[in-house]
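Reading through the C-alpha cells given below for one structure.
The values are calculated or read from the model by the stated rules, or taken from the named source; none is laboratory data. Since the structure is predicted, the reported quantities are computational estimates derived from the model, not experimental observations. Positions of Cβ are generated from backbone atoms using ideal geometry, with glycine treated the same way; all protein chains shown enter the neighbour counts.
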Amino acid sequence: MTRSLPSLRSFVLRTLLWLPLCFAAWYFFAPLHSPIAGAGARLLAGLVAPGVVSGVERQGSDLVFVTTLEVHPGPGLTAVLLPEVNPLLYTYGLPFFVALMLASGSRWRTILAGAAILLVFQGWGIAFDFLAQVGLNLGPDISAQAGLADWRREAIALGYQLGAIMFPSVVPVVLWALFNRPFIEQALAPRASPVRA
C-alpha cells in the first residue's frame, strides 16, 4: 500500500500550520532536550580540549560548562571558570524539521531518527560556542590554560561559524529532503503538457 503524497501547495500550508505548534513544544521541552545535546557537546569539547570540561549542568534554559580552568577575579582569589551556553541558539532546527516531516506525512520513527541525527549537529554548535568563549573571547591566559593556541583557534572559529550559522538552518532541510525524496521528485517534476496531434 502506497501513501499518497501531498501537493506542494497543501504541503506549504500544512508546514505553516505545524510550525507554531512545533516551536511551542520545542521551547516547552527544551529543559529535557538541552541536556542530551549538552552531553554530546561535552564529548566533542573534550576531543578538542582534553581535560578542560569536568561536567555540564543545566541552569534554567542554559547549559553551564564546569571547567578545570582557573580565573583570578581579585588579588589572592581563585575561582573555576563556568561558561554558559544558550542551547536554544543551536537547537531551533528541530521544530522546523519536525514541522516539515509532519506536513509531508512522515512516520514517527522516521521523525525520531532524524531528530537523533540532528542531536549531533546541535552538540557541535553548543560545543563550539563553549570553545569560542574559552579559546577566543576570554583572553590569551584562558586559551593558553586550555591549550587552545595557534591553528586550534582558527579551527574553533570555523567550527563556531558552522555550528551557529550553517548547521541549525541547513541540516534540518537536508534531512527532510533525504527522507522525502518521492515528494520532492513529484513536486519538482515538470508537468506534462498534453500532446496535440
Conditions (1) in contact with a Pro (Cβ under 8 Å, 6 or more places away or on another chain); (2) in a helix (DSSP H, G or I) -> Ala187 fails only (1)
Quick one: what pairs do we get from the stretch 128-147, first residue without any contact (Cβ under 8 Å) to a residue 12 or more places away in the chain, second part of a helix (DSSP H, G or I), C-beta under 6 Å, 6+ apart or different chains?
Ser143/Gly135
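Yes or no, residue by residue, for (1) within 22 Å of Ala149 (Cβ to Cβ); (2) in contact with a strand residue (DSSP E or B) (Cβ under 6 Å, 6 or more places away or on another chain); (3) modelled with pLDDT of 90 or more; (4) not polar (S, T, N, Q):
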position: Leu19; (1), (2), (3), (4): no, no, yes, yes
position: Tyr27; (1), (2), (3), (4): no, no, yes, yes
position: Pro35; (1), (2), (3), (4): no, yes, yes, yes
position: Gly38; (1), (2), (3), (4): no, yes, yes, yes
position: Val52; (1), (2), (3), (4): yes, yes, yes, yes
position: Glu57; (1), (2), (3), (4): no, yes, yes, yes
position: Gly76; (1), (2), (3), (4): no, no, no, yes
position: Pro87; (1), (2), (3), (4): no, yes, yes, yes
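So which residues in the stretch 146-169 are more than 23 Å from Ala39 (Cα to Cα) and either modelled with pLDDT of 90 or more or in a helix (DSSP H, G or I) (or both), if there are any at all? Give the derivation first.
Residues of the stretch 146-169 more than 23 Å from Ala39 (Cα to Cα): 149-151, 154.
Hits for the stretch 146-169 are Trp151, Glu154.
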Out of curiosity, is Ile117 of a type in the set (A, V, I, L, M), assigned to a helix (DSSP H, G or I), closer than 22 Å to Ala41 by Cβ and touching a residue at least 60 places away in the same chain (Cβ under 8 Å)?
no
Residue ID - nearest to the chain's Cα centre (by Cα), chosen from residues in the stretch 37-49 that are farther than 13 Å from Gly125 by Cα and touching a residue at least 12 places away in the same chain (Cβ under 8 Å):
Val48
State which residue pairs qualify: first residue in contact (Cβ under 8 Å) with a residue 60 or more places away in the chain and surrounded by fewer than 16 Cβ atoms within 10 Å (Cβ to Cβ) and inside the stretch 10-30, second residue polar (S, T, N, Q) and part of a helix (DSSP H, G or I) in any location, beta carbons under 9 Å apart, and separation of 6 or more residues or different chains.
none
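Given the options Leu100, Leu94, Leu89, name the one that is touching a Ser or Thr at 6+ places or on another chain (Cβ under 7 Å), closer than 25 Å to Ala24 by Cβ and part of a helix (DSSP H, G or I). First the steps, then the outcome.
Details: Leu94 fails: touching a Ser or Thr at 6+ places or on another chain (Cβ under 7 Å); Leu89 fails: touching a Ser or Thr at 6+ places or on another chain (Cβ under 7 Å).
Answer to the selection: Leu100.
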Give the residue, chosen from Gly105, Gly125, that is over 20 Å from Leu162 (Cα atoms) and touching a Pro at 6+ places or on another chain (Cβ under 8 Å).
Gly105
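Looking at Phe128, is it farther than 20 Å from Arg181 by Cβ and among the aromatic types (Phe, Trp, Tyr)? Break it down stepwise before answering.
Numbers: farther than 20 Å from Arg181 by Cβ: yes; among the aromatic types (Phe, Trp, Tyr): yes.
Taking the combined requirement at face value, the residue satisfies it.
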